[in-house]
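Visitor: My questions will all concern the structure given below.
The values are calculated or read from the model by the stated rules, or taken from the named source; none is laboratory data. Everything numeric here is computed off the predicted structure, so don't read it as measured data. We place every Cβ from the backbone using ideal geometry, glycine too, and count neighbours over all the protein chains shown. For accessibility, only protein heavy atoms count, side chains too; no ligands or nucleic acids. Shrake-Rupley method; radii C 1.70, N 1.55, O 1.52, S 1.80 Å.
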Amino acid sequence: MFSRLDKNTRIFAICGVVIVGMIGMAYASVPLYNLFCKVTGYGGTTQLVQYDPGQVLDREVTVRFDASRSRGFPWEFEPLQTEMQVRVGETALAFYRATNTSDRPVTGIASYNVTPFKMGPYFSKLECFCFTEQTLDPGQSMDMPVIFFVDPLMDEDDRLDDIRTVTLSYTFWESGDERVYETAEASGSDADAQ
C-alpha cells in the first residue's frame with residue numbers, strides 16, 4: 001500500500017510538472033516568437049535600431065503607410081500621410097493618429113510589419129510607438145511619430161533590385177490581447193511595385 005501511494009504521488013508530480021511546463025511555454029511562445037521576428041526580420045518584421053546609417057544613396061523608395069485595428073477596438077486609427085518618397089539611408093518622419101471613439105478610457109498597443117516581407121531586415125525604425133501601451137481618454141486623439149530609414153545595405157542584396165515600394169503597416173489591439181505580438185499583416189496593400 002505504501003509503495004503504491006509513492007508511485008501514484010510520483011506520477012501525479014510528474015504530470016503536474018509537465019502541465020506547468022506546457023502552460024509556461026504557451027505564455028512564453030508569443031514573446032519569444034516576437035523576439036525571433038525582431039532579430040531576424042522574419043514575416044516582414046522591421047528592425048529597431050539606435051543609429052542613423054550615415055550613408056544616403058541616390059536610390060529612392062516609396063514608403064506607403066497602412067493602419068488597421070482589431071475587431072471591436074474602439075479607436076479610429078489612420079496614417080497622416082498615405083505615402084512618401086525617401087532616399088535609401090535617409091532618415092524620415094511619419095505620423096499616425098489614434099482617436100478614442102468610446103465613452104471610457106482605453107489602452108491600446110500596436111504591432112507592425114513591412115511588406116514585401118523580404119524588406120523587413122532593411123526597414124529600420126529609430127523611434128516608434130509599437131509595443132508601447134497608449135491610453136486615450138474618451139474623445140482624445142494622439143499623433144504618434146515613426147522615425148525610420150531604409151538601410152543602405154539593401155542595395156547589396158540582389159533579391160531587392162526590383163523593390164520600388166514598401167508598405168509599413170500598424171495594427172492597434174486592446175492592451176492584454178495576446179494577438180498583439182503576432183506579426184501584423186499588411187492590409188489590402190500591393191507593396192510589390194512594378
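Visitor: Which condition from (1) within 13 Å of TYR96 (Cβ to Cβ); (2) modelled with pLDDT under 90; (3) open to solvent by 60 Å² or more (accessible area, probe 1.4 Å) is the one that ASP143 breaks?
Guide: Result: ASP143 fails condition (2) only.
Visitor: On to the next question. Looking at segment 134-164 only, could you name the residues that are in contact with a Ser or Thr (Cβ under 6 Å, 6 or more places away or on another chain) and within 30 Å of GLY89 (Cβ to Cβ)?
Guide: Result: PHE149, ASP151.
Visitor: Filter segment 88-101 for residues that are farther than 17 Å from ASN113 by Cβ, of a type outside the set (A, V, I, L, M) and touching a residue at least 40 places away in the same chain (Cβ under 8 Å) and give the result.
Guide: GLY89, GLU90, THR91, PHE95, ARG97, THR99, ASN100
Visitor: What residue, among those in segment 105-124 that are over 24 Å from LEU57 (Cα atoms) and among the polar types (S, T, N, Q), is most open to solvent (accessible area, probe 1.4 Å)?
Guide: THR107
Visitor: Is one or more of the residues making up segment 125-136 surrounded by 14 or more Cβ atoms within 10 Å (Cβ to Cβ) and farther than 24 Å from GLU174 by Cα?
Guide: The answer is yes; a qualifying residue exists.
Visitor: Let me ask you something else. Return the total of residues in segment 77-98 being outside any strand (DSSP E or B), within 30 Å of GLU174 (Cβ to Cβ) and of a type in the set (A, V, I, L, M, F, W, C).
Guide: Count: 1.
Visitor: Write out, first by first residue and then by second, each pair whose Cβ atoms fall under 8 Å of each other, whose residues are 6+ apart or on separate chains, and whose first residue, in segment 144-161, is closer than 17 Å to THR115 by Cα and acidic (Asp, Glu) while the second is open to solvent by 20 Å² or more (accessible area, probe 1.4 Å) and part of a helix (DSSP H, G or I).
Guide: ASP151/PRO121; ASP151/TYR122; ASP157/TYR122
Visitor: Report yes if some residue within segment 52-67 is modelled with pLDDT under 70, in a helix (DSSP H, G or I) and under 21 Å from the mean Cα position of the chain (by Cα); otherwise report no.
Guide: Looking for residues that are modelled with pLDDT under 70, in a helix (DSSP H, G or I) and under 21 Å from the mean Cα position of the chain (by Cα), one finds none in segment 52-67, hence no.
Visitor: Can you tell me which residue in segment 68-104 is surrounded by the most Cβ atoms within 10 Å (Cβ to Cβ), limited to those that are within 18 Å of the chain's Cα centre (by Cα) and small (Gly, Ala, Ser)?
Guide: Out of the qualifying residues, it is ALA98.
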